[in-house]
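What follows draws every value from the coordinates through simple rules; no lab data is involved. Worth saying up front: this structure is predicted, and the values here are computed from it rather than measured. FYI the Cβ positions are ideal-geometry reconstructions off the backbone, even for glycines, and counts take in every protein chain you see.
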Amino acid sequence: MKIGIASDHGGFDLKSEMIPFLRESGHTVVDFGTHSLASCDYPDFGVACAEAVARGECERGIVICKTGIGMSIAANKIPGIRCALCFDAASAEATRLHNDANVLALGASSIGVQEALETAKVFLETPFSQEERHCRRLGKIAETERKYMKREGLD
């Protein structure tokens with residue numbers, strides 16, 4: 001699977017651990033930055049990753065900042081993105097099964113490295129359930145998105 005990954009300075013160390021893990025698991029990784037611990041703005045990197053997922057250039061994305069909150073907010077501004085902030089494998093499994101989330105947000109200050117790796121593994125391996133109730137709910141989210149957002153530059 002082709003995975004986009006991005007972090008700001010607060011998530012850089014965790015991203016540096018995540019990339020080799022993903023590659024060793026057989027995934028192709030596209031790193032959207034940042035590439036250092038220098039202070040930077042999370043939207044610059046999280047949005048780039050989310051746009052690649054929305055365009056279909058990456059099948060899934062992982063975005064990391066100190067809390068995961070800023071990255072998840074930024075990623076969710078991109079039409080077609082369903083970014084979920086997860087703290088463990090159980091939440092990652094639930095968001096894939098029920099929400100068909102396509103971007104995982106992680107908070108580097110609230111999750112250990114091993115837990116983050118396991119969370120990403122479950123997120124990437126869990127398929128969407130395709131249950132009617134979940135499809136119906138995702139349809140409602142998509143309709144809301146169409147109502148309030150423009151799809152400029154992503155088609």
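Brief remarks follow.
- Least to most buried among ARG96, ARG60, ARG146 (fewest other Cβ within 10 Å first): ARG146, ARG60, ARG96
- Short-range pairs are left out: with C-alpha atoms under 8 Å and at least six residues apart, the relative contact order of region 2-148 is 22 percent.
- FRET efficiency, 1/(1 + (r/R0)^6) with R0 22 Å, evaluated for ASP13 and SER129 via beta carbons: 0.05
- Fully extended contour minus Cα-Cα distance, from ARG55 to LYS140, at 0.36 nm per residue: 28.5 nm
- Residues within the reach of a label modelled at GLU115 (point 7 angstrom out along Cα to beta-carbon, backbone nitrogen below 14 Å), restricted to region 76-102, are 86-92.
- Per the Debye calculation on region 1-119 with a single equal scatterer at every Cα and no solvent contribution, log₁₀ I(q)/I(0) for q = 0.10, 0.18, 0.19, 0.23 Å⁻¹ amounts to -0.23, -0.80, -0.91, -1.41.
- Calculated log₁₀ intensity ratio I(q)/I(0) where the Debye formula runs over C-alpha points of region 56-137, q = 0.13, 0.25, 0.26 Å⁻¹: -0.36, -1.22, -1.28
- Crossing angle, helix 12-24 versus the chain [Cα axis fit, 0-90 degrees, rounded to tens]: 70 degrees
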